[in-house]
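Participant: If you scroll down you'll find the structure; I have some questions about it.
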Amino acid sequence: MGRADALLFAKEGAKVAITDLQEDKIKDVAKEIEAAGGEAIGFKHNVTSEEDWIRVVKETVEKFGKIDILVNNAGISNATPFMDLTVENWEKTMSINVTSIFLGQKYVIPHMIEAGGGSIVNISSIAGLTGGSGTGPYTASKGAVRMLTKATAVDFARHNIRANSVHPGFIETPMTVDMFKDEKMHQWFQSQTPLPRLGKAEDIAKGVLFLASDESSYITGVELPIDGGYYAK
Ligand SMILES: NC(=O)c1ccc[n+]([C@@H]2O[C@H](COP(=O)([O-])OP(=O)(O)OC[C@H]3O[C@@H](n4cnc5c(N)ncnc54)[C@H](O)[C@@H]3O)[C@@H](O)[C@H]2O)c1
């Protein structure tokens, strides 16, 4: 999803800083953007590391002059059965899915204030809207993303900073590829999704772009499900 977001944002004229743990993938996406005439830089970045956020934000501002959009997309799933959960396992999910967003906002918002405003898009999940079986820590983390986004929207509205969350349904990405390969599993996910296909990263990127752009200039503190109708049921 991060790749699809970066490509679409660059196509729309944004200068994009791409970050991930996987350096080779960052480089590939940056090359793809540059080959299409866009501008991008990539950073190896652990979103749970405060030092990494400080470095990435500093170098992005040095390169591009300002930051006016932040998309917090990195995340992991966790389907450990509840009674098998350990504190370590729980905290890993919270750290990558939630603490990362606290840190990203903490270090980017001052630059948005300086730039006169900005837009934050935090990637939650349908699991942040409704409960599911066997996904306790993931659901808790994505619910926290949803509510942190609302608190951020209220806190920083006076600085013309908007914050909204996106709630993908079942989307074909490396996170889900193994699950969706299994025909029975695929059929189950489809049976939960009213529209007659599972989602693609590009479906999510269009919603992220809308919330990041001035097209949504009076929208803040809301959640946007992009889920083929899953949450409408
Ligand atoms: N795929 C789905 O069906 C689905 C549904 C709902 C929500 N989401 C959410 O969408 C977001 C993107 O998921 P995806 O499906 O593209 O998954 P993905 O596994 O393809 O991508 C997640 C990326 O996050 C990176 N990452 C993991 N830990 C990191 C860390 N500590 N620091 C920096 N980067 C790190 C990974 O390297 C990976 O590139 C996640 O937040 C996920 O929870 C996905």
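A short reminder: the numbers here are calculations on the coordinates, not readings from a lab. The structure displayed is predicted, hence computed values, not measured ones. Here the Cβ is made from the backbone with ideal geometry for all residues, glycine too, and neighbour counts use every protein chain on show.
Participant: Hey, could you get me the Stokes-Einstein D for the chain, Kirkwood radius over alpha-carbon pairs, 4 °C and 1.567 mPa s, rounded to whole µm² s⁻¹? Show your work: numbers first, answer last.
Facilitator: On the way: Rh = 18.2 Å.
Stokes-Einstein gives a translational diffusion coefficient of 71 µm²/s.
Participant: Something else: Select from D214, D84, D52 the residue whose mean-square fluctuation is largest in a Gaussian network model of the chain (Cα-Cα springs shorter than 10 Å).
Facilitator: Sorting by GNM fluctuation, first place goes to D84.
Participant: Percent of alpha carbon pairs in the range 18-151 separated by more than 21 Å?
Facilitator: That fraction is 47 percent.
Participant: So for the pair I219, K106, with labels modelled 7 Å out along Cα→Cβ, what separation do we get in nm?
Facilitator: Each label point lies 7 Å from its Cα, and together they span 3.0 nm.
Participant: Follow-up question, since we're still on this one. Using 0.36 nm per residue, how much length does the chain from H186 to N89 gain when fully extended, once their Cα-Cα distance is taken away?
Facilitator: Working: separation 97, 0.36 × 97 = 34.92 nm, distance 2.69 nm.
Net length gain for the segment: 32.2 nm.
Participant: From the phi angles alone, apply the Karplus equation (6.51, -1.76, 1.60; θ = phi - 60°) to the range 10-20 and give each ³J(HN,Hα) in whole Hz, x where the residue is Gly or Pro.
Facilitator: 5, 4, 8, x, 6, 8, 10, 9, 9, 9, 5
Participant: In addition: Using the Kirkwood radius over C-alpha pairs as Rh, can you work out the diffusion coefficient of the range 107-193 via Stokes-Einstein at 20 °C, viscosity 1.002 mPa s, in µm² per second? Could the numbers behind the result be given before it?
Facilitator: Working: Rh = 14.8 Å.
In µm²/s, the coefficient rounds to 145.
Participant: With each label point set 7 Å from Cα along the Cα-Cβ vector, what nm distance links I113 and V177?
Facilitator: If labels sit at I113 and V177, their model points lie 4.2 nm apart.
Participant: For the chain, set up a GNM with springs between Cα atoms under 10 Å and report which of K92, K58, K184 has the largest fluctuation.
Facilitator: Between K92, K58, K184, it is K184 that shows the largest mean-square fluctuation.
Participant: Moving on to the next point. Report the residue, chosen from S133, S77, S100, that carries the largest GNM mean-square fluctuation when the chain is represented by alpha-carbon nodes joined by springs under 10 Å.
Facilitator: Evaluated over the chain, the most mobile residue of the options is S133.
Participant: Scan around V71 for amide H atoms under 5 Å from its own, H built in the peptide plane at 1.01 Å from N, and keep only partners 5 or more places away or cross-chain.
Facilitator: Distant-sequence amide H within range of V71: V121.
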